[in-house]
Every structure is written in C-alpha cells, then in structure tokens.
Amino acid sequence: MTLAQLRAFLAAYELGSFTAAARKLETSQASVSELISRLEHELEHILFIRGGRRLIPTTAAVELQVHALQSVTSFDNR
C-alpha cells in the first residue's frame, strides 16, 4: 500500500469519481483507476461499486477511509 494509492482512494472517496479525483490530484483518470485497482487487489476487497456516474463506497471503503486519512495526514505533517 502506497501513499499514492491512499491519496487516490481518498480523493475518489471524497469526490465520488475517478475523473474528479484525477483532476484534484493533477493526474489522469487511468492512473487513479489503476492505483485503486492495485489497492483493491492488495487488500483483497472491492472499495467502490462502479456504475452510473458516481462511485459507491463499500463497507471496506468506509472502514479504510479513517485509517487512510490518518496515514496521509500524519505523513504530510512531517
């Protein structure tokens, strides 16, 4: 699990789409999608239900969000 994956996850969680997350992170939608896919593979859990125009966070995503936010905030405050 990398900080880039956690940042992509948090942006997607907050904004509800990979496209909006990519804009916020100043990267491509494909990059955000790949980071999230790798994170899901590593965690062995689906984090978002993809469909329609918005991502729907799963229970695993809700649980991860708190820890991801703490990790990224802790690192950024160094």
* To do: Note down the magnitude of the dipole of region 19-65 about its Cα centre, charges +1 on Lys and Arg C-beta and -1 on Asp and Glu C-beta and zero elsewhere, to the nearest 20 debye.
  => 360
* Could you tell me the distance between the Cα centroids of region 50-78 and region 1-27, to the nearest Å? => 9
* In whole Hz, with x marking every Gly and Pro, tabulate ³J(HN,Hα) for region 44-53 from phi via Karplus 6.51 cos²θ - 1.76 cosθ + 1.60, θ = phi - 60°. => 6, 8, 7, 9, 9, 7, 9, x, x, 9
* To do: Among [x] 20, 42, 25, 12, 2; [y] 21, 57, 21, 1; [z] 12, 34, 25, 18, 9, 2, find the value of P(r) over Cα pairs in 10 Å bins from 0, in percent that was calculated from the structure presented, and write down its label.
  => [y]
* To do: Would you grab the residues whose amide H sits under 5 Å from the one on PHE48? Only those 5+ places off in sequence or on another chain, please, with H modelled 1.01 Å from N.
  => THR58
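Kyte-Doolittle mean at least -1.0 and Cα extent at least 15 Å along the axis: which DSSP H helices of the chain qualify?
Details: long enough: 3-15 (18 Å, 0.95); 29-43 (21 Å, -0.15); 59-76 (26 Å, 0.46).
Result, helices passing both filters: 3-15, 29-43, 59-76.
Quick note: the coordinates plus some simple rules give every number you see, no bench work behind them. Just so it is clear, the structure is predicted and the values come from calculations on it, not from any experiment. Note that each Cβ is placed from the backbone with ideal geometry, even for glycine, and that neighbours are counted across all protein chains shown.
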